[in-house]
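**Student:** Before I ask anything, here is the structure I am working with.
Here, each number is a calculation from the coordinates, and none is a lab measurement. In this text, all values refer to a predicted model and were calculated from it rather than measured experimentally. Cβ placement follows ideal geometry from the backbone for every residue including glycine, while neighbour counts extend to all protein chains displayed.
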Amino acid sequence: MTNSRNLIILGSGAAGLTAAIYSARANLAPLVFEGAQPGGQLTITTEVENFPGFRDAIMGPSLMTEMRAQADRFGTEFVQASAESVDLKTHPFQVVADGIAYRTRALIVATGASAKLLGLPTETKLIGHGVSACATCDGFFFRGKRVMVVGGGDTAMEEALFLTKFASHVTIVHRREELRASKIMQERAIAHPKVSFLWNMEVAEVLGVDVGHVVGVKLRHLKTNAISSAETDGLFIGIGHQPNTEIFRGQLELHPNGYIKTHDGTRTNVPGVFAAGDVQDHIYRQAVTAAGTGCMAALDAERYLETLAHGHSHLDPAPAANVRTA
């Protein structure tokens with residue numbers, strides 16, 4: 001059958017590439033669709049200091065380049081495309097990319113999640129140069145500096161409180177007069193001596209494109225429309241993440257926030273389909289945890305394929321009851 005595979009992996013971030021490394025070493029000859037952002041979110045991160053094995057910081061793109069080369073060394077096949085659609089209702093599963101249909105016995109979904117941004121051109125230009133959507137990843141680089149956090153929910157409060165460990169002061173910019181965050185998170189942020197608030201404000205522009213790093217922001221007061229400027233060394237966007245799960249709606253079971261539900265490791269509700277990384281993790285969202293679940297998904301897929309092979313030696317449909325593994 002044309003374009004038939006044992007295993008297809010959707011996504012090439014830390015989860016997808018780790019899954020590729022493990023499955024390629026197991027001689028599963030995985031095919032990886034790299035997606036719209038090859039290398040995932042780490043490609044827009046500058047220095048990574050919390051990934052085990054690197055005494056000194058490694059640049060995010062460099063880390064992903066090394067992971068990709070490692071997967072390639074073991075025989076992973078890469079396609080520079082995003083999956084346009086999937087059919088998980090029949091087995092083998094079908095993945096369509098660039099108008100070409102591929103069939104696969106097992107599928108690992110590692111499509112990640114995208115940080116919700118403000119949509120400002122100046123914001124995009126300064127991502128990784130003072131603009132960040134991950135305080136845990138980048139907070140260390142703002143030791144003794146002034147930073148701002150945009151948002152009013154739990155994500156923003158968590159980011160702000162984490163940043164107080166490093167920054168000299170944290171200003172939270174919120175569009176309304178009251179926070180959406182849980183009561184306990186509100187109380188912690190409001191009570192913290194390093195945290196202050198700008199109410200009824202939105203960031204209209206990020207300043208510093210001309211010098212290559214954030215130096216301040218322009219703010220718009222939403223009640224008066226007045227424009228003002230404020231100095232800051234960093235801008236953290238804390239308005240949440242959006243999992244890249246749109247093509248799986250109606251086929252994979254999702255949490256209310258859109259993340260894929262997994263059980264018994266990385267298994268989804270569809271036998272033979274596994275999920276790893278930020279597409280199923282809305283709590284930790286770290287490169288090392290994504291890599292860990294990528295490893296788990298590869299091992300789960302390998303065991304699934306072994307079980308499948310005992311009763312089915314080719315790509316014929318298999319009853320779901322016969323292919324579920326413990």
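**Student:** Would you mind calculating the gained length between His263 and Ser168 on full extension (0.36 nm times residue separation, minus the Cα-Cα distance), in nm to one decimal?
**Tutor:** Result: 30.0 nm gained on full extension.
**Student:** Along the charge dipole of the chain, which of Ala97, Phe33, Val211 sits closest to the positive end, that is, farthest toward it, with unit charges on the beta carbon of Lys, Arg, Asp and Glu (+1, +1, -1, -1)?
**Tutor:** Val211
**Student:** Also, quick follow-up: Rounded if a/c is under 1.5, else prolate if a/b beats b/c, else oblate: with a ≥ b ≥ c from the C-alpha gyration tensor eigenvalues square-rooted, which is segment 117-237?
**Tutor:** Oblate, since a/c reaches 1.5 and b/c is not below a/b.
**Student:** Additional query: For the chain, give me every cysteine whose Cβ has no other Cys Cβ within less than 4.7 Å, ordered by residue number.
**Tutor:** Cys295
**Student:** Would you kindly derive the ³J(HN,Hα) couplings of segment 94-104 from the backbone phi angles with the Karplus curve 6.51 cos²θ - 1.76 cosθ + 1.60 (θ = phi - 60°), listing them in order in whole Hz, with x for Gly and Pro?
**Tutor:** Working through the residues one at a time gives 10, 10, 10, 9, 6, x, 9, 8, 10, 10, 8 Hz.
**Student:** Could you pull out every one of the lysines with an alpha carbon less than 18 Å from that of Lys261, ignoring same-chain neighbours closer than 8 positions?
**Tutor:** Lys89
**Student:** Still on this structure, I have one more. Using θ = phi - 60° and the Karplus relation 6.51 cos²θ - 1.76 cosθ + 1.60, list the HN-Hα couplings for segment 19-28 in order, rounded to whole Hz, with x at every Gly or Pro.
**Tutor:** Result, ordered by residue: 4, 5, 4, 5, 6, 5, 5, 8, 6, 8 Hz.
**Student:** What residues have an amide H closer than 5 Å to that of Ala81, excluding those fewer than 5 places away on the same chain, when H is modeled at 1.01 Å from N in the peptide plane?
**Tutor:** Counting only residues 5 or more places away or on other chains, the set is Glu34, Gly35.
**Student:** Find the relative contact order for segment 117-237 and round it to a whole percent, using C-alpha pairs within less than 8 Å whose residues are 6+ positions apart.
**Tutor:** Value for segment 117-237: 31 percent.
**Student:** For a quick check: with amide H placed at 1.01 Å from N, whose amide H comes under 5 Å from Phe93's, ignoring anything fewer than 5 positions away on the same chain?
**Tutor:** Thr104
**Student:** Would you compute, from DSSP H runs of 4+ residues alone, the mean residue ellipticity of the chain at 222 nm, taking -39500 (n - 2.57) per run and dividing by the full residue count, rounded to the nearest 500?
**Tutor:** It lands at -7500 deg cm²/dmol.
**Student:** Using θ = phi - 60° and the Karplus relation 6.51 cos²θ - 1.76 cosθ + 1.60, list the HN-Hα couplings for segment 248-263 in order, rounded to whole Hz, with x at every Gly or Pro.
**Tutor:** Each residue's phi maps through the Karplus curve to give 9, 4, x, 10, 10, 6, 10, 6, x, 8, x, 6, 6, 7, 10, 8 Hz.
**Student:** Assuming R0 = 25 Å, can you tell me the calculated FRET efficiency for the pair Ser4 and Asp72, based on Cβ-Cβ distance, to the nearest 0.05?
**Tutor:** Taking R0 as 25 Å, the efficiency between Ser4 and Asp72 is 0.70.
**Student:** Taking the Cβ-Cβ separation of Phe54 and Phe141 as r and a Förster radius of 25 Å, what is the calculated FRET efficiency to the nearest 0.05?
**Tutor:** It comes to 0.95.
**Student:** Sorted by average packing, counted as other Cβ atoms within 10 angstrom per residue and highest first, what order do 230-241, 14-25, 169-180, 278-289 take?
**Tutor:** With the highest mean Cβ count within 10 Å placed first, the list reads 14-25, 230-241, 278-289, 169-180.
**Student:** Express the relative contact order of the chain as a whole percentage, based on alpha carbon pairs under 8 Å and six or more residues apart in sequence.
**Tutor:** That works out to 20 percent.
**Student:** Could you work out how far the C-alpha centroid of segment 259-291 sits from that of segment 156-191, in angstrom?
**Tutor:** The distance from the Cα centre of segment 259-291 to that of segment 156-191 comes to 28 Å.
**Student:** Shifting gears a bit: Please list the non-local residues whose amide H lies under 5 Å from the amide H of Ser12, H modeled 1.01 Å from N, same-chain partners needing a gap of 5 or more.
**Tutor:** Amide H neighbours of Ser12, under 5 Å, 5+ apart: Gly39, Gly40.
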